[in-house]
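A quick write-up on the structure given underneath.
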């Protein structure tokens, strides 16, 4: 009997009750700097999530390496329910296939909690380009003797491999031009130093409406309400060009099941709240709010899909 009481006591010490954890601030780690789309998402979601969980919530920007620094930090953090990653397709699904020496293993060290939004991509060209639509772009690319210069926001990003998917599907060759900063890539596009790029809807809208870039097609399943005149790739006859950047919450492996369940439930409620949903849609995101089981299946499927795309491209980052 004494041994039983001792074991129960040790168990209580090893796993603090949720009430105790609620006294600690909830930290939402995002892998991109303030002012970027992922940061806007984190702050919009985080404010409502903190309210629903009745917990102080702080945003921790761990920018760099396409989200990998933030992902590694959360993967190696204590699984006590207070540290949450706003993970995305690049650092979770693409990086394991693109890097042979990745300092974390998302499949083993992180638990998906809930998908919150998706960000689709727009194929854009400089406003000065003679290309007026997707057919004209593909015809010109096929006729181009050299590789087509395609701007990306970094090697191994969705826009990089999305360009590879389009080139493979349409039968032309590209030369990826990787930029470290989003602003540098946009400047190169506007000036005509590069011929095309896949950019997020949120990033495309002001440049297209400002007359600096021309939008040719969106990777979304339906036209964006922000750019209703831009057709989908499926409409134009290219249904396999259908990638997007998804964002989901993750916690370190070993986090208590009760904490995961509560976080997932409240995260879905937060993004589905009318005020939050409107803000995120206006920022160019498609709100999803997918629960844990479905999110787990999606992450596994995406890891397999992007591994195949990376392998087919022959790309290795290290």
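The values are calculated or read from the model by the stated rules, or taken from the named source; none is laboratory data. Owing to the predicted nature of the structure, the values given are computational and were not obtained by experimental measurement. Here Cβ is always computed from backbone atoms with ideal geometry, including for glycine, and neighbour counts include all displayed protein chains.
Residues of segment 232-245 being more than 23 Å from residue 116 (Cα to Cα) and within 22 Å of the chain's Cα centre (by Cα), which ones?
Selection gives 233, 234, 239, 240.
Within segment 259-282, is there a residue that is at positive phi and out of contact with any strand residue (DSSP E or B) (no Cβ under 7 Å at 6 or more places or on another chain)? Break it down stepwise before answering.
Step one: filter segment 259-282 for residues at positive phi, giving none.
No: zero hits.
Go through the residues of segment 222-236 one by one and say whether even a single one is part of a strand (DSSP E or B), touching a residue at least 12 places away in the same chain (Cβ under 8 Å) and within 21 Å of residue 27 (Cα to Cα).
Checked against the condition, which is being part of a strand (DSSP E or B), touching a residue at least 12 places away in the same chain (Cβ under 8 Å) and within 21 Å of residue 27 (Cα to Cα), segment 222-236 yields no hits at all.
Does segment 245-258 contain at least one residue that is part of a loop (DSSP other than H, G, I, E, B), crowded, with 19+ Cβ neighbours inside 10 Å and in the same structural domain as residue 144 (by TED's automatic domain parsing)?
no
Restrict the check to segment 199-208 and report whether at least one residue is free of Cβ contacts under 8 Å to residues at least 24 places away in the same chain and not assigned by TED's automatic domain parsing to the domain that holds residue 70.
Yes - at least one qualifying residue is present in segment 199-208.
If a residue has to be within 14 Å of residue 122 (Cα to Cα) and assigned to a loop (DSSP other than H, G, I, E, B) to count, how many in segment 141-160 make the cut?
Total meeting the criteria: 1.
Just to be sure, is residue 233 buried (at least 20 other Cβ atoms within 10 Å of the Cβ), farther than 18 Å from residue 151 by Cβ and either modelled with pLDDT of 95 or more or not assigned by TED's automatic domain parsing to the domain that holds residue 125 (or both)?
Yes; evaluated as a whole, the condition is true for this residue.
Out of the residues in segment 164-198 meeting the condition of being within 19 Å of residue 36 (Cα to Cα), without any contact (Cβ under 8 Å) to a residue 60 or more places away in the chain and out of contact with any strand residue (DSSP E or B) (no Cβ under 8 Å at 6 or more places or on another chain), tell me which one is surrounded by the most Cβ atoms within 10 Å (Cβ to Cβ).
For segment 164-198, the residue satisfying everything is 187.
Working only within segment 219-246, note down all residues that are more than 10 Å from residue 120 (Cβ to Cβ) and out of contact with any strand residue (DSSP E or B) (no Cβ under 7 Å at 6 or more places or on another chain).
Listed by number, the residues that qualify are 225, 226, 228, 229, 234, 235, 237, 238, 239, 240, 241.
Looking only at segment 145-152, decide whether some residue is within 20 Å of the chain's Cα centre (by Cα), modelled with pLDDT under 95 and not assigned by TED's automatic domain parsing to the domain that holds residue 68.
Yes, segment 145-152 contains at least one residue that is within 20 Å of the chain's Cα centre (by Cα), modelled with pLDDT under 95 and not assigned by TED's automatic domain parsing to the domain that holds residue 68.
If I filter segment 161-184 down to residues being part of a helix (DSSP H, G or I) and more than 20 Å from residue 234 (Cα to Cα), which single residue comes out as modelled with the highest pLDDT?
My answer is 184.
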